Amino acid sequence: MRIGRAAGLTDTGRRRRQNEDAFVCDPPLFAIADGMGGAQAGELASRLAAAAIEEAASAVSDEEGVVGVVRAANALIFERSLHDPAVAGMGTTATVALVDERTELLTLAHVGDSRAYRYRAGELEQLTTDHSLVAELVRSGRLTEAEAAVHPHRSVITRALGTEAEVEVDTRTVEVASGDLVVLCSDGLSAMVRDDEIARLIGASDRDPHAAAEALVHAANEHGGDDNVTVVVFELIEGEPAERDRRAAEATDGHPDPADPDDVTRESVLDDVNRHGAGKGSRWPALLLVLALLAIAAFAVWWSLVR
Ligand code: CA
């Protein structure tokens, strides 16, 4: 068995102005992060989490490694929030999935209410348990599933990454087989589209991960698009496990090789997040354009005077 096609898609939805979701689609590692804390704080938290997870992708091979990545992302976001009052209290969900093609096992680690599903023979099975207020009320019998689906506080999560120095991470390992599809999503999908409809849309997409991801995001928006919606879908197919580039993994012994362009250090990725995470990186081109227009206008005035 091996991983076949994979697709990740994110959309702001119809009500929000910003997209605070992020995802990782870097076989054999996949993840969703749904940020919170308002505007740029939520966006930064989810991007920091995704960057930390993506950075470690080639070095993670087991459950311990996956949990380690989630804990490292937690520490990173928490420390950043301590040192920057503008993003104090920011947090994010994180749902990480790692496929071991040789053992045919899927390892999940998650915090928050971003979900993982396994689609097999037309049936959709939720593999994660939401760390949310309504999910806990349903588990304790104080709310029905139907009541939870329309509860005004259904988006309140009871566990997040980055809000405390330590975080409790749920893990689970399940078997996967060729023919299965795995879906990761933010609550912008699961709160808007029922599980049976998600299953129907995947079936109608002819099991094409990209078509399925597009259909799911479209459905969330058709149902109102109340929240940012993010979906990662990948398929498992017959075949020999892929030979993946392990160079980055070999270099994570604390001695990065400066000659190897693939050996990106943690700091370099975080610098990149710092530059682009809050959208500040895009202001320079706009400023240069304004200066260029001013220069042209000044030249035009000078030219009309000297003629
Ligand atoms: Ca959300």
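The values are calculated or read from the model by the stated rules, or taken from the named source; none is laboratory data. Just so we're clear, the structure is a prediction, and the values are computed from it rather than from any experiment. In this analysis, Cβ positions are derived from the backbone assuming ideal geometry, glycine residues included, and neighbour counts consider all displayed protein chains. Accessible surface is based on the protein model in full, side chains and every heavy atom, while ligands, DNA and RNA are left aside. Shrake-Rupley method; radii C 1.70, N 1.55, O 1.52, S 1.80 Å.
Computed values, structure above
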read-out	value
Listed peptides 170-177, 16-23 by packing density, highest first (mean Cβ within 10 Å)	16-23, 170-177
With eigenvalues of the C-alpha gyration tensor scaled by 5 and rooted, the stretch 32-152, Å	26, 24, 11
Of I202, I32, I53, the one that fluctuates the most in a GNM where the chain has Cα springs shorter than 10 Å	I202
The chain, dipole about Cα centre (Lys/Arg Cβ +1, Asp/Glu Cβ -1), debye to the nearest 20	1480
Full-stretch length increase - T103, R5 - with 0.36 nm per residue and alpha-carbon distance subtracted	33.4 nm
For peptides 290-299, 213-222, sequence by mean Cβ density within 10 Å, most packed first	213-222, 290-299
In range of the label at E164: residues from the stretch 117-147 whose backbone nitrogen is under 15 Å from the point 7 Å along Cα→Cβ	131-133
Reciprocal of mean inverse Cα separation for the stretch 161-223 (Kirkwood radius, Å)	13.7
Residue of G239, G89, G112 that the Gaussian network model of the chain assigns the largest fluctuation, springs spanning Cα pairs under 10 Å	G239
Relative contact order for the stretch 20-63, counting Cα pairs under 8 Å that sit 6 or more residues apart, in percent	37
Convex hull projection area averaged over all views, the stretch 2-265, Cα basis, nm²	14.3
Among A88, P209, L291 - extreme Cα towards positive end, dipole of the chain, charges at beta-carbon	L291
Computed E for Q126/A204 - FRET, C-beta separation, R0 25 angstrom, nearest 0.05	0.80
Computed over the stretch 84-225, Cα set: Rg, Dmax in Å	16.1, 49
Angle in degrees between helix 283-306 and the longest Cα principal axis of the chain, rounded to the nearest 10	20
Accessible area of the stretch 52-135 belonging to carbon and sulfur atoms, whole % at 1.4 Å probe	50
The chain, helix-only ellipticity at 222 nm - DSSP H runs n ≥ 4, -39,500 (n - 2.57), divided by all residues, nearest 500	-12000 deg cm²/dmol
Cα-projected label distance for H153 with A88, points at 7 Å along beta-carbon direction, nm	2.4
Mean separation of Cα contacts under 8 Å, 6 or more apart, over the residue count of the stretch 2-265: relative contact order %	27
Cα centre as origin, Lys/Arg/Asp/Glu Cβ charges: the stretch 65-151 dipole, Debye	120
